[in-house]
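Derivation of every value follows stated rules applied to the coordinates shown; laboratory data play no part. Note that this is a predicted model, so its numbers are computed, not measured.
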Amino acid sequence: MSEIPCPHAISCITFKGLNFESYVDDCYKKEAYIMCYQEVIHPVNGPELWERTQYDDVIPPPYRRPSHRPVKKRKRRAADEDNRSQTHLSWRGQVQRCSNCGGEGHKKSGCSQPKKRVCDMIF
């Protein structure tokens, strides 16, 4: 096997009287873990103690603006009104009318008059 067996497989192996450790891959055993981590990683000196080489220092790549649309963080001014869409109509400057009572300045959801019932309108 190339991995650790699942609990069901281990119980079947144990039920048959076999040693389940022989079914575990060597890389998962304790000996492999100890061999892997027995070496010590020694700390490195700071940049001021590094040896200078004949090559130029590595610098980061130049900054590029992201390709996606930038976020608008300012309010539009009067100069921006000329740049508006010519295909969509703005609601700015229009009088808002209620579809329930026909009054100005509010919508049907904020109307104080009772809603018209369909039964009253038919008869």
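Below are the figures for this structure:
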| read-out | value |
| --- | --- |
| Stretchable slack from residue 63 to residue 29, in nm (0.36 nm times residue separation minus alpha-carbon distance) | 7.5 nm |
| Nearby lysines by direct alpha-carbon distance to residue 29 (threshold 28 angstrom, same-chain neighbours under 8 apart not counted) | 16 |
